[in-house]
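The block underneath contains the structure these notes are about, expressed in structure tokens.
The values are calculated or read from the model by the stated rules, or taken from the named source; none is laboratory data. Since we're looking at a predicted model, the values are computed, not measured. Methodologically, a virtual Cβ is constructed for each residue, glycine included, from the backbone with ideal geometry; neighbour enumeration extends over all protein chains shown. With ligands, DNA and RNA removed, areas are computed over all heavy atoms of the protein, side chains included. Shrake-Rupley method; radii C 1.70, N 1.55, O 1.52, S 1.80 Å.
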Amino acid sequence: MHVLRYAARRLLSVVPTVFGITVVVFLLARAVPGDPAQLAAGEQATPEMVEVFRREYRLDQPLYVQYAAYIGGMVHGDFGRSMFTGRPVRDDLASFLPATLELTAASIVLALVIGVPSGVLSAVYRNRWPDQCARTVALTGVSFPVFWLAMMLQLVLAVSWDLLPIGGRFPSQYKGPRNVSGFYTLDFLLVGDWEGVWVALRHLVLPALCLGAGAIASITRITRTSVVDVLGKDFVRTARAMGFSESVVVGKYVLKNAFIGTLTMIGVALTFMLGGSVLVESVFDWPGIGLYAFKSIVQLDFQPISAFTVLVGVMVALVNLGIDLLYGVFDPRIRH
Amino acid sequence: MSFVRVAAAIVVLAVGASLPCLEATALEKKAVLIFAGNQDMPNVDPAVTPMSVYTASALIALYDPLFMYRGDQMLPHLAASATASADGSEWTIKLVANAKFQDGSPVTAEAVKYTFERILRIKKGPAWMWLPIMDEKSLTVVDPHTLRVKLIKPFALFDRTLPNLLVVNPAVVKANDKGDDAQAWLVAHSAGSGPFKINEENWRNGAQYEFIADPSYWKGWPKGGHLDGYIWKIVRESSAQKLALIKGEVHGAQNISPDDVDELRKSAGVRVEQYPGVSPHRIVMHNRHDSKYLADVNVRKALAYAYDYSAVPKIYNGSAEVSKGPVPPALPGFAPGLPLYAYDLDKAKASLAKSPWPNGGFEIDYIYPAGFDIAKNLGAILLAGAAKLNIKVKLTPMVWANVLSMRTKSETMPQSISLWLAPLYGDSDALLYSQWDSDSWGRGNYSFYKNPKVDELLTRARTSLDPKVRADLQAQAQRLIVEDCVDIFTGVEKATYVWRSNVKGYVHTPMRERNPLFAEMWVE
């Protein structure tokens, strides 16, 4: 019950945060130089065409009226329409957000599956060759620019060795999944189409690897540091003295105690991935929310910018809450 | 040891995921061309989306225009003819009798009238072409296949704008009108008579859009072969376009960077096609800027003479030609033999000597789109030339959305900017009137240039139905624009397409240089 009350309190605290975000984004979007109506109307638009956009998007009304309309719409789940495409922002988010979430989930899974064992291995074999290898890979992972890494992976794995597709979520002519969740792998799973799952997974590998490269490196390093720290504790010596095998000591006792740091790093990586996957989405033509937001920012398209910012704000708050709750799972001393 | 097991599992999974899978068996074996376009086409409503952008290729696939640009010609399509009254103020459009919408209903004069009215009512996208010359009283249906258009003011080039009028089926539009002229519905649906339909199952926002051939297309299909459909797949990065072409994941692409084009030339299984472009680049100089420097014709001439034009094609790796004036040669009305500026430092210094700043010693801004290296390098040529005149050029990258707003007013327009502008109908007027007539200040004429003689020549040209007379008037205007050294005409990028070698039937159409006519293409 304590945990539930804590979670509810934290969730409620998201509301003023989101409200604050809406105010800041609304004002910032209108403070930047440039006339969005002129931009949307086009190069050769006559003044009366520009007026049409100004009226349609209430840009001719006082700021407080615009803000009230914006908030009123948002409360009802209406994020307005994009000035440039005429599409409802809600529809755009519904098609782009699942792509980003699926990619983020795959990246974080990859980061955990590679980063945690590498970190443990590195700590257990400290200053020996497995440690040196893991540290070199970790350093390389954080040092490579994502853009360059993406192009190299495409060149080697997709073209030279022809192992994986170059980009996209799916082969162009393949009859895609019926859109239920927007997660292609999940949608294929739901209808039991294993071949579809396989194809969708293959398309996920390269972008997930690129997006997760930094996280793999960070998780490896933080896990190593934490495990090294825990390995020196008294209870580890006691466990060894009691005759537990090394795999039980490390896997069951050390890792659980060392996981708090890793968990924090996962939270940081997740928030970065949710909002900052523009480059990866661009190179791999992954139709995600990062690219959508980037394009909207460049075009001063207010409605999508506001919706994106609020959405990312909410997601970051939820991720932080989730991580906080998980702390208690791994370390009962941190119960809220 | 559990770690070893986990590691082994990872390796097995990684190897497994990398194995070529059976996806090919799931692909439909149809003649579908996959085109790697680097732009999205989020809205296919022909009254909302301008024909100037990449969406035009989708629009002419889904809808038919009254006239169709094909190769260097403008051919009758839904219209059999468009004839003007002696003063160009009244036009009679005769439609072909056999044209049908995709639902089988006939394309009538009433539908053309409805299409015009919808565009004028919505006032978006292509409306700028007709709003200044038409109103709701302009249109009269004479009979089911004849429409009379009475213009507010004479316009001899009205027929040239008709390839941009894509006729909608009024019945379909009205059935989906929820008080917005069906704008919301037509974002991702079509109501036309074109050769292709939307495949809603494979219309994936921001990813790819599939068009399927309409077997009952009223104009019929080429006997030699045609596509069952085509997919506009969004591949944003030039390097990814290149790799997809080499691997054969796509059949064609455009807008590939000059470096990548060079590599593709050496690749097996692909062919590079280049054609003279019609979208010239120029350095727009603000002729009325408060700083006064560029308001002085001698300073502008000095900069134009100091510009090393021979470096322009190198910036594009050879995929561009040096400009031959305000209008590119591929456009009707191009005037050969203009007194253009060539790189000549002596003349540059002599021009500057006639200005109030004979020894230079001032700075001008050059604004270019952030992240666009070609625009930056075209500015760097100016910087290098100007430095020899003791004039400093400050190259400033800027988010282009900001510049688009700044340049609409003389007070906010920077001293100079980098600019490409494509002609939107097939005549020099499309460039000349929008860029150098004082009517177009802030809407193409970003130099804020005004020469009453040029205005008069262009106005007379716009009302002259005789192409020879019109071309002569336009040539005189071009000469004055060059003499006044309004802007620096740098180069014209070639239209570049890269196709897999089994792709046939591409007909390059200058006025649709970024919009392949997929209805005429096929894959062997």
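Once you treat every alpha carbon in chain B as an equal point and sum by Debye, what is log10 I(q)/I(0) at q = 0.07 Å⁻¹? At q = 0.07 Å⁻¹ the computed log10 ratios are -0.45.
Between residue B:517 and B:507, the built amide H atoms are under 5 Å apart, and every one of these is 5 or more places off in sequence or on another chain. Within the protein assembly as shown, antiparallel bridges make up roughly 75 percent of the DSSP beta bridges whose residues both belong there. Take the protein assembly as shown with all the other protein chains still there, run a 1.4 Å probe, and you get 41 Å² of accessible area per residue. Sequentially through the range A:158-168, phi angles give Karplus couplings (6.51, -1.76, 1.60; θ = phi - 60°) of 8, 9, 5, 9, 6, 9, 9, x, 6, x, x Hz, Gly and Pro residues having no value and appearing as x. The spacing between the range B:43-62 and the range B:276-329, judged by their C-alpha centroids, is 31 Å. Close amide H contacts of residue B:335 (hydrogens built in the peptide plane, cut-off under 5 Å, sequence separation of 5 or more or a different chain): B:327.
In terms of overall dimensions, the range B:280-493 has a Cα radius of gyration and Dmax of 16.3, 50 angstrom.
Hand me the trypsin sites (Lys or Arg not before Pro) from the range A:246-336 located in a DSSP loop with no more than 10 other Cβ atoms within 10 Å, in residue order please.
A:333
Residues of the range B:233-253 that bury at least 30 Å² of accessible area once all protein chains are present, compared with their chain alone (1.4 Å probe, heavy atoms only, ligands and nucleic acids left out), are B:233, B:236, B:237, B:239, B:240, B:243, B:247, B:249. Restricting the GluC sites (Glu not before Pro) of the range B:98-138 to loop positions (DSSP other than H, G, I, E, B) with no more than 16 neighbouring Cβ atoms within 10 Å leaves B:136.
Using the Cβ-Cβ distance between residue B:394 and residue A:144 with R0 = 35 Å, the FRET efficiency computed as 1/(1 + (r/R0)^6) comes to roughly 0.55. Looking at the square roots a ≥ b ≥ c of the eigenvalues of the Cα gyration tensor of the range B:184-245, which shape do they give, rounded for a/c under 1.5, prolate if a/b is larger than b/c, or oblate? Verdict is oblate for the range B:184-245.
Buried between B and A is an accessible area of approximately 5300 Å², summed over both sides with a 1.4 Å probe.
Taking N as the residue count of chain A, its C-alpha radius of gyration divided by 2.2 N^0.38 Å amounts to 1.18. Computed over the range A:64-156, the range of Cα coordinates on each principal axis works out to 65, 31, 23 Å, biggest value leading.
Placing a label point 7 Å from the Cα of residue A:320 along the Cα-to-Cβ line, the residues of the range A:260-282 whose backbone N sits under 19 Å from it are A:261-276. When all alpha carbon pairs of the range B:468-524 are counted in 10 Å bins from zero, the resulting P(r) reads 17, 28, 25, 19, 11, 0 %. The accessible-area loss of the range A:71-106 on complex formation, taken against its chain alone with a 1.4 Å probe, reaches 20 Å² or more at A:81, A:85, A:87, A:96. Measuring against 26 Å, Cα to Cα, the residue pairs B:392/B:453; B:242/B:376; B:266/B:494 contain B:392/B:453 as the ones spanning a longer distance. On the protein assembly as shown, 60 percent of the accessible area sits on carbon and sulfur atoms, based on a 1.4 Å probe. A P(r) calculated from all alpha carbon pairs of the range A:267-326, with 10 Å bins opening at zero, reads 23, 46, 25, 5 percent.
Hey, which of these cross-link pairs are over 28 Å Cα-Cα: B:153/B:197; B:100/B:174; B:233/B:394?
B:153/B:197; B:233/B:394
Taken over the alpha carbons of the range A:205-323 as equal point scatterers, the Debye sum produces base-10 log I(q)/I(0) values at 0.13, 0.20, 0.23 Å⁻¹ of -0.66, -1.06, -1.21. For a straight C-alpha distance cut-off of 25 angstrom, the lysines reachable from residue A:233 (same-chain residues fewer than eight places away being disregarded) are A:252, A:256. For a paramagnetic label modelled at 7 Å from the Cα of residue A:64 toward its Cβ, which residues of the range A:1-43 fall within the zone defined by backbone nitrogen distances under 19 Å? Answer for the range A:1-43: A:20, A:22-28, A:30-31.
Using only Cα atoms, locate the centre of the range A:124-138 and the centre of the range B:212-256, then give the distance between them in Å, rounded to an integer. A separation of 49 Å, based on Cα centres. The modelled label-to-label distance between residue A:152 and residue A:233, using points 7 Å beyond Cα along the C-beta direction, is 3.7 nm.
Averaging over all projection directions, the Cα-based convex hull of the protein assembly as shown occupies 40.8 nm² in the image plane. Stokes-Einstein diffusion of the range B:64-170 at 25 °C, 0.890 mPa s viscosity, Kirkwood radius from Cα pairs, rounded to a whole number: 178 µm²/s. Calculated [222 nm] ellipticity per residue, helices only, for the protein assembly as shown: -14500 deg cm²/dmol; basis is -39500 (n - 2.57) per DSSP H run with n ≥ 4, divided by all residues, nearest 500.
Within the listed set A:111, A:307, A:37, the residue fluctuating most in the Gaussian network model of chain A (springs between alpha-carbon atoms under 10 angstrom) is A:37.
The range A:12-71 and the range B:92-130 have Cα centres lying 33 Å from one another. So how tilted is helix A:194-231 from the main axis of chain A? Cα-based, degrees 0 to 90, rounded to 10. The helix A:194-231 is inclined about 50 degrees to chain A.
The 3J(HN,Hα) values that the Karplus relation (6.51, -1.76, 1.60; θ = phi - 60°) gives for the range B:42-49 are, in residue order, x, 9, 10, 7, x, 9, 10, 8 Hz. Gly and Pro appear as x.
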